[in-house]
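Data block below; observations after.
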Amino acid sequence: MSTPPQHRDAPPANKGLLAIAVVCLSLPIIALMLVGTYAKDGPRFLDFPFFIWYQFLWVALCSILTYTAYRLVLKARPHRPMNPEGTEFLTDAADEPNGAANDGEAGR
Amino acid sequence: MSTLKLAQATGGVNVVALTVLIVFFLAVAIAGFWAARWRRPASMDSLEEWGLGGRSFGTWVTWFLLGGDLYTAYTFVAVPAAMFSLGAVSGFFAVPYTIVLYPIIFVFMSRLWSVSHRHGYVTPADFVQGRSGSRALTLAVAVTGFLATMPYIALQLVGIQAVLEVAGVGGGGNWVAKDAPIFIAFVVLALYTYTSGLRAPAIIAFVKDILIYIVIIVAVIYLPSKVGGWGNIFNAAQQKMESTNAVTGKATGAFIPGAGQYWAYATLALGSAMALFMYPHSVTATLSAKSRNTIRKNAAILPAYSFLLGLLALLGWVAIAAGTKPIGLDGKPNPQLVVPQLFEDFFPSWFAGVAFAAIAIGALVPAAIMSIAASNTFTRNIYKAWIKPDATPKQEAKVSKLTSLVVKAFALVFVLGLDKTNALNFQLLGGIWIMQTFPSIVFYLYTRWFHRRALLLGWAVGMVYGTVSAYNVVNPATKAHFGGSVAEIPGLGEMGYIALTAFVLNLIAAVVFTLVFRAFKADEGKDETIPADFFADAGDPRVEKLDTSGPVTPSSH
């Protein structure tokens, strides 16, 4: 529980939100790796084979999911500015419920 | 005059289209030289300014720059060509490839941006040096990056050549008529890259990307109505792909991947996506962004280009329905001419000229960024690391600028002097090679569990395996080596992308050797980063900000 090493590490984060972001980012990869699920001609949409339009659909979904992950990550781990020496990040008391997540402030 | 005579065979020199192309080229050249004044820095004499545009690009500049960098002219020529001649597995995998890419960028590249911002890293090898403290591993990453980029630059020339050939120039018997246009284009490119650095492609990328969007959207709306609609297009493509190839006795290609091709399709997409951001030029464009979140936001908006690439791929099939005959000025069929030829056949000359300009300018942007990235890699990780450790930022910038000229000259010789297939073979190898730097770059973003020497040995295993298997792929029609990038995955019996198989072997070797080195308590090397570095953003202090001339030294902590 000593102060310096803790503030050299990753800033605190909401693990639950990060996990949801990871799911958002994994979905397009998993969906497109399962080639057998979409390598077929029908049903066609505006004459486009399923194989083609399904992958176009994932372009849009990937964009939406990545943007969702972006919003989630911003919320899950807000940026912590570093001290001028650049040796550790500063504690921001405002967005931390009573500094519960990092209790290294006491001695400083 | 010999040019004119030859050109008549393919419809003559398209004067209007050629004029439009030249006007665009001149406009872009002026913009490239003017770029040195854009957001004018106090001094251009450092890699931060010349090589990374001052790490100052916001969301939209980065969007255009990365879009212009990743979706190269060669892609625009080669993807529809693959669709036209071989079908979905070789061509359409580019779509899942450029989808899977963005979650990967989102996760890895924001961390790389942060640590590079803190420590002033310019190249991926800089990061590996700082994290591993191993000069040998850094050299391996740097040389791999350099070698993989060189043929990629050369291939951009192939894009320009394709356009010029369809416009009716560049195919004459004598050297001047044949190679002069490309030569002039590259000299002009080299000059404004020399003076403006990364700012030149950043400005030109706006022109390139806007032209490409206009051309592709017009093409996919207008062309299908001319050839009987999309239903007819897909029928024509299916018919061609399912017909028997006279030489090999097998089907021409894949309309939709068959059960035996699922692994190939998936591994090509995943492997290419993992490899793309290991290339120095992708990292250069990433690090030029002004904040950590610029990269993440871009991961969400860059898929717009993937949509475009998908449409472009389909133009290869539109050409099948249209009966496009991509015949080169030498009278031989050349599938790479298929999209320019399609445009020339169906569009008025002036619009064909716009389309040609889009492709030709599309070659200039990545060629500039790639040459800058290769030069930065040489300067930082070979010149400064091994030849002149006390080089000042000014000397670094000078070496890098000169190297960018050499790199382009080499690309020119490569394409004009040697057979084009050499460039293609090396490009194929480059993709396999660059993938082998993935463990050293990406694993180090998260952990130092892997021993630095084990990573080096893993890299060597991947390089050797990848090179040998690529050599052993024989083209069924021409019997030439380096016939493709797909081979049987050992122990699985499925066909897969060689780069990914080599990566898995690389990974296994790295794990095994790490355990061995750890058992012998081998030196772990010195890490100059702290975990918080990987979350830093713009405004956070740089580690060596007080010392701009000395070697990179971590502040004491």
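The values are calculated or read from the model by the stated rules, or taken from the named source; none is laboratory data. Since the model is a prediction, treat every value here as computed from it, not as a measurement. Here the Cβ positions follow ideal geometry from the backbone for every residue, glycine too, while neighbour counts run over all protein chains shown. Heavy atoms of the whole protein, side chains included, go into the accessibility calculation; ligands, DNA and RNA do not. Shrake-Rupley method; radii C 1.70, N 1.55, O 1.52, S 1.80 Å.
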Self-check item: Solvent-accessible area lost in complex, 10 Å² minimum, residues of region B:236-278 relative to chain alone, 1.4 Å
Solution: B:238, B:255, B:256, B:257, B:262, B:265, B:266, B:270
Practice problem: Please give the per residue accessible area of the protein assembly as shown, computed with a probe of 1.4 Å over protein heavy atoms only, in Å². | Solution: 38
Quiz item: Any idea what diffusion coefficient region B:68-119 gets from Stokes-Einstein, in µm²/s, Kirkwood Rh on alpha carbon pairs, 10 °C, 1.306 mPa s?
Solution: 123
Quiz prompt | Heavy-atom accessible area ranking, 1.4 Å probe, most first, across B:106, B:443 | solution = B:443, B:106
Exercise. Could you tell me what % of all Cα pairs in region B:1-156 have separations over 20 Å?
Key: 71
Self-check item: Shielding by partners, peptide A:66-75 (average Cβ within 10 angstrom, other chains)
Solution: 5
Quiz item: Per the Cauchy relation, a quarter of the hull surface: what is the mean projected area of the convex hull of the alpha carbons in chain B, in nm²?
Solution: 24.5
Practice problem: Report, in deg cm²/dmol and to the nearest 500, the calculated mean residue ellipticity at 222 nm for chain B, where each DSSP H run with n ≥ 4 adds -39500 (n - 2.57) and the sum is divided by the residue count. | Solution: -22000 deg cm²/dmol
Quiz item: What's log10 of I(q)/I(0) for the protein assembly as shown at q = 0.07 Å⁻¹, Debye sum over Cα points only, no solvent?
Solution: -0.45
Exercise. Ignoring everything but the protein chains, give the 1.4 Å probe accessible area of residue B:150 in square angstrom, nearest 10.
Key: 20
Quiz item: If exposed trypsin sites (Lys or Arg not before Pro) are those in a DSSP loop with at most 10 other Cβ within 10 Å, what is the longest stretch of chain B that has none?
Solution: B:1-249
Quiz item: Quick one: which of B:208/B:325; A:75/B:297; B:250/B:479; B:388/B:408; B:226/B:325; B:290/B:398 span more than 18 angstrom between C-alpha atoms?
Solution: B:208/B:325; B:388/B:408; B:290/B:398
Quiz item: In the protein assembly as shown, what percent of the accessible surface is made up of carbon and sulfur (1.4 Å probe, ligands and nucleic acids excluded)?
Solution: 67
Self-check item: Derived scalar couplings ³J(HN,Hα) [region B:90-99; Karplus, 6.51 cos²θ - 1.76 cosθ + 1.60; whole Hz; x for Gly, Pro]
Solution: 7, x, 6, 4, 4, 6, x, 4, 8, 8
Practice problem: Compute the label zone of residue A:47 within region B:57-93: residues whose backbone N is under 14 Å from the point 7 Å along Cα-to-Cβ. | Solution: none
Quiz item: How much length is gained on full extension from residue B:325 to residue B:479, taking 0.36 nm per residue of separation minus their Cα-Cα distance?
Solution: 53.0 nm
Exercise. Compute the FRET efficiency between residue B:34 and residue A:10 as 1/(1 + (r/R0)^6), taking r as their Cβ-Cβ distance and R0 = 45 Å, and round to the nearest 0.05.
Key: 0.55
Exercise. State, in square angstrom and to the nearest 100, the accessible area buried between chains A and B, both chains counted, probe radius 1.4 Å.
Key: 3900
Quiz prompt | Net lengthening on full extension, residue B:60/residue B:519 (0.36 nm per residue, minus Cα-Cα) | solution = 160.2 nm
Self-check item: Local electrostatic count, residue B:134, Cβ distance below 15 Å [Lys/Arg +1, Asp/Glu -1]
Solution: +1
Quiz prompt | Solvent-accessible surface (1.4 angstrom probe) belonging to residue B:222, in square angstrom, nearest 10 | solution = 80
Self-check item: 1.4 Å probe, heavy atoms, protein only - residues of region A:20-42 losing at least 20 Å² accessible area vs chain alone
Solution: A:25, A:29, A:32, A:33, A:35, A:36, A:39, A:41
Quiz prompt | Sequence-distant residues sharing a close amide H with residue B:255 (under 5 Å, placed H) | solution = B:88
Quiz item: What is the set of long-range amide H partners of residue A:9 at a cut-off below 5 Å, with H atoms built 1.01 Å from backbone N?
Solution: B:532
Practice problem: Provide Rg and Dmax in Å for region B:276-388, with only Cα atoms included in the calculation. | Solution: 19.3, 59
Quiz item: Taking the radius of gyration and the Kirkwood hydrodynamic radius from Cα positions alone, what is the Rg/Rh ratio for region B:306-454, to two decimal places?
Solution: 1.09
Self-check item: Calculated from backbone phi, Karplus (6.51, -1.76, 1.60) coupling profile of region B:466-483 in Hz, x at Gly/Pro
Solution: x, 5, 5, 5, 5, 4, 6, 7, 9, 5, x, 7, 9, 6, 8, 6, 6, x
Quiz prompt | Label-zone membership for region B:343-363, site residue B:23, 7 angstrom Cα→C-beta point, backbone N under 15 Å | solution = B:348-358
Quiz item: Sequence-distant or interchain residues sharing an amide H contact under 5 Å with residue A:82, placed H: which?
Solution: A:90
Quiz item: What FRET efficiency do you get for residue A:18 and residue B:349 if R0 is 56 Å and r is their Cβ-Cβ distance, rounded to the nearest 0.05?
Solution: 0.50
Quiz item: Residue-wise, which Karplus ³J(HN,Hα) couplings in Hz belong to region B:206-219, taking 6.51 cos²θ - 1.76 cosθ + 1.60, θ = phi - 60°, and x for glycine or proline?
Solution: 4, 4, 4, 5, 5, 4, 4, 4, 4, 4, 5, 5, 4, 5
